[in-house]
Amino acid sequence: MKLFLKGAALGLALFSACASATDATRPDDHAPIGVMGDHTHHKGEWMLSYRYMLMRMEDNRDGTKRLDESEVLISGTGDYRVAPTDMDMVMHMLGVMYAPTENLTLMAMIPYVENDMDHVTAMGGAFSTESSNLGDISLTALSSFSKTSPLPEWLWQLGLSFPTGDQDQRDLTPMGNSVLPYSMQIGSGSYNLIAGLGKNVSRERDAFGVQLRGIFPLDKNDDDYKVGNRATVSAWYSRLLNQSFSVSVRGLYEFRDNYSGEDPRYAMAQATNLVPTVDPDLRGGARFDIAVGVNWLHSSGHRLALEYQVPAWQDLDGPQLETDSVLTVGWQLAF
Ligand SMILES: [Cu+2]
């Protein structure tokens, strides 16, 4: 009888431990909101999400050195007739997740992008351009490796993005109504492979995780260029403040390749050194960012989260606008 009670108590303890590991929701079950594809869902579960992302860029950089406008323009010591001075990129990202089985979660991401860029000219003028449209929609499958695999319970993701965003955005410039440069275009124009691997480990009062994720264009688009590969490695630590709040710190390294091929519509602008943003070899770079974040989980299941990241180091193929900050605010609801 005693043994039976002990066994029952142990069984109950094990069951509740499992239940709390898989079912109990904690604010830090989800990675900081800037991380995509960090979790899966139980069979039959849906999740809706919305993210607002604002990337602010100001000043040009070449390598790790910040450049003055005069070091970009031919009126100074530079090579170009126009220099970008700053750019804001806003992305509204709608997400839908659904788990058809316990071992498979599907995720659709629908971005809407708004860009705004300011420039100065060697003649002393200034002008702004804007672009906005639907971006590249992606579909991703997420699942965990089995406990007996070499990477037990690591979460993998494999997906594809579709060329739903365009690369034909135009606006008024001093040269007339022109096709905007690479950095102002919305979509890649190509199918992109998305691949990632990560893990989030929860402990009693804290959690930590890591994710490696890359986006790889599969082919040139119909304007004869291929956007560069991108890869990000993230590692985070989060601390539970109470049942609804957690705070996090994250370090991330992002690498972006230059573009291959070139858009013939920029041939003249490139040949005359009009502006660095039409050069496919001035798109790449690497950055190390530090981010702080907060996750909030309401008892109704609604989640709100915020993350703010600033580069600690960046090395760009320049002149190219440097990143100053990235803000991500998000809402999520699973049901
Ligand atoms: Cu989800």
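Readers should treat all values here as calculations from the given coordinates under stated rules, not as data from a laboratory. Computed from a predicted structure; not experimentally measured. Reconstructed Cβ throughout: ideal geometry from the backbone, glycine too, with neighbour counts over all protein chains shown.
Hey, if you put +1 on the Cβ of every Lys and Arg and -1 on every Asp and Glu Cβ in the chain, which of PRO111, SER238, VAL292 ends up farthest toward the positive end of that dipole?
Result: SER238.
For region 125-143 and region 216-251, what is the separation of their Cα centres, given in Å?
Going from one Cα centre to the other spans 15 Å.
Using r as the Cβ-Cβ distance of HIS298 and ARG203, and R0 as 22 Å, what FRET efficiency do you calculate, to the nearest 0.05? Kindly include the intermediate steps, with their values, before the conclusion.
Values: r = 23 Å, r/R0 = 1.04.
After rounding to 0.05, the efficiency reads 0.45.
Using Cα positions and a limit of under 17 Å, work out the aspartates and glutamates in reach of LYS220, with same-chain residues fewer than 8 apart set aside.
Output for LYS220: ASP136, ASP166, ASP168, ASP257, GLU262, ASP263, ASP279, ASP281.
Give the average over all directions of the projected area of the C-alpha convex hull of the chain, one decimal, in nm². Present the calculation step by step, with values, prior to reporting the outcome.
Numbers: hull surface 76.3 nm².
That works out to 19.1 nm².
Taking the simple approach of a point 7 Å from Cα along Cα-to-Cβ for both THR25 and GLN243, what is their distance in nm?
1.3
Length gain on complete extension for the stretch LEU151 to ALA235, per 0.36 nm per residue less the alpha carbon to alpha carbon distance? List each step's numbers first, then the result.
Numbers: separation 84, 0.36 × 84 = 30.24 nm, distance 1.71 nm.
Full extension from LEU151 to ALA235 adds 28.5 nm.
About the Cα centre of region 2-334, what is the dipole size in debye to 20, counting +1 per Lys and Arg Cβ and -1 per Asp and Glu Cβ, all else neutral? Walk me through the numbers on the way to the answer.
Numbers: 26 positive and 42 negative charges, 406 e Å.
The dipole of region 2-334 has a size of about 1940 debye.
How far is it, in nm, from the label point at GLU114 to the one at LEU160 when both lie 7 Å from their Cα along the line to the Cβ?
Once both label points are built, they end up 3.2 nm from each other.
Could you state the number of Å between the C-alpha centres of region 156-186 and region 69-83?
Cα centroid to Cα centroid, the span is 25 Å.
Return an integer: the convex hull volume of the alpha-carbon atoms of region 46-173, in Å³ per residue. All intermediate terms of the calculation are to be shown ahead of the outcome.
Working: hull volume 18.7 nm³, N = 128.
Expressed per residue, the convex hull around the Cα atoms of region 46-173 is 146 Å³.
Rounded to the nearest 500 deg cm²/dmol, what is the calculated helix-only ellipticity per residue at 222 nm for the chain, with -39500 (n - 2.57) per DSSP H run of length n ≥ 4? Don't skip to the answer; put the middle values down first.
Working: 2 runs with 26 residues, N = 335.
Calculated mean residue ellipticity at 222 nm is -2500 deg cm²/dmol.
What is the Cα coordinate range of region 219-335 on the first, second and third principal axes, sorted by size from largest, in whole angstrom?
59, 33, 21
At a 10 Å Cβ-Cβ cut-off, how would you order PHE127, PHE216, fewest neighbours first?
Details: PHE127 15, PHE216 18.
Ordered from fewest to most neighbouring Cβ atoms within 10 Å, PHE127, PHE216 come out as PHE127, PHE216.
Among LEU218, LEU304, LEU54, determine the one that fluctuates most according to a GNM of the chain built with springs between C-alpha atoms less than 10 Å apart.
Top of the fluctuation ranking is LEU218.
Short version: ³J(HN,Hα) in whole Hz for each residue of region 149-154, in order, from phi by Karplus 6.51 cos²θ - 1.76 cosθ + 1.60 (θ = phi - 60°), x for Gly and Pro, what are they?
7, x, 10, x, 6, 6
Would you mind ranking GLU69, GLU322, GLU204, GLU114 so that the residue whose beta carbon has the fewest other beta carbons within 10 Å leads the list? The partial results should precede the final answer.
Numbers: GLU69 18, GLU322 22, GLU204 7, GLU114 15.
So the residues, fewest neighbours to most, are GLU204, GLU114, GLU69, GLU322.
Starting with the fewest neighbours, write out ILE33, ILE137, ILE215 ranked by other beta-carbon atoms found within 10 Å of each beta-carbon. Walk me through the numbers before you get to the answer.
Numbers: ILE33 26, ILE137 17, ILE215 21.
With the fewest neighbours first, ILE33, ILE137, ILE215 line up as ILE137, ILE215, ILE33.
If you find the alpha carbon centre of region 272-335 and of region 42-65, how far apart are they in angstrom?
So the separation of the two Cα centres works out to 5 Å.
Separation between the PHE288 and ASP168 pseudo-spin-labels, each 7 Å from Cα along Cα→Cβ, expressed in nm?
In this crude spin-label approximation the distance works out to 4.4 nm.
Rounded to the nearest 0.05, what FRET efficiency do TYR50 and ASP79 have when you use their Cβ-Cβ distance and R0 = 35 Å? Kindly include the intermediate steps, with their values, before the conclusion.
Values: r = 42 Å, r/R0 = 1.20.
So, using R0 = 35 Å, E works out to roughly 0.25.
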